[in-house]
Amino acid sequence: MTTARTPTRNRRAEILEAAAGLFAARGFHGVSIEEIGAAVGISGPALYRHFHGKEALLGEMLLDISGRLREQGARLATTADPDTAEAALDALLTGHIEFALNHPALIRVHERELDNVPEPARRGIRRLQRLYAEEWVTVLTELHPSCPPARLRAATHAVFGLLNSTPRSAGELPPETMAELLRGMARAALATL
């Protein structure tokens, strides 16, 4: 009798998700390759078929999510109602709030473990994050044309900080209520521009 193997790409995603949960709960240095493997039903050494090591796994995890956020931001900023920057801002807010509520472990891992990512991957992560932030700045520039770009950039990062607080703030409220609260607070923060 043969057992069906999980396709490599799905297995990689499964490993990344399990590792994110473990890293968020116990920290990068508090988790072994064997524990990550056990979380997905394979041996620790079998992980090396998918990743060169724990640092490579962490790097890919954060590169992947940074790339997905950047792509989503570009898509949302350009496919919203082309007649209004307000629609683009609403789309960006909705997208980031959904990410924050659905992936608190990735936010926690990014906050605490970015320094453990090898330098080339860390530069790539930072580059993708800057590009994502610039999508927001472009939309905010349309809404506030006289506001200096540095102020818009600072406001964007402040809003990211608010929205990315979900690992500490979500849980007591239903997701829909939390999403509404985050949207209102982000809008109030951006109204100060």
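So here's what we get for this one:
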| item | result |
| --- | --- |
| Degrees separating the helix 85-102 axis from the principal Cα axis of the chain, which is the longest one | 30 |
| Top positive-direction residue, dipole computed over the chain with Cβ charges, set PRO175, LEU92, GLN72 | GLN72 |
| The chain - mean residue ellipticity at 222 nm from DSSP helices (-39,500 (n - 2.57) per run, n ≥ 4, rounded to 500) | -24000 deg cm²/dmol |
| Over the chain, equivalent-ellipsoid semi-axes from the Cα gyration tensor in Å | 34, 17, 16 |
| Residue-by-residue Karplus 3J(HN,Hα) for segment 12-22, coefficients 6.51, -1.76, 1.60, Hz, glycine and proline x | 4, 5, 4, 5, 4, 5, 5, 5, 4, x, 5 |
| By average C-beta atoms within 10 angstrom, highest first, the peptides 50-63, 83-96 | 50-63, 83-96 |
| Hull shadow area, averaged, segment 70-176 [alpha-carbon convex hull, nm²] | 7.4 |
| Sorted peptide list for 21-27, 146-152, 102-108, 175-181, criterion being average Cβ within 10 angstrom, highest first | 102-108, 21-27, 175-181, 146-152 |
| Per-residue HN-Hα couplings for segment 125-131 [Karplus 6.51, -1.76, 1.60; θ = phi - 60°; Hz; x = Gly/Pro] | 4, 4, 4, 5, 5, 4, 4 |
| Charged-residue dipole, Cβ positions (Lys, Arg, Asp, Glu), segment 130-193 about Cα centre, Debye nearest 20 | 240 |
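Coordinate-derived values only; no laboratory data. These figures come from a predicted structure and were not determined experimentally. Heads up, the Cβs are rebuilt from the backbone with ideal geometry, glycines too, and the neighbour counts pull from every protein chain shown.
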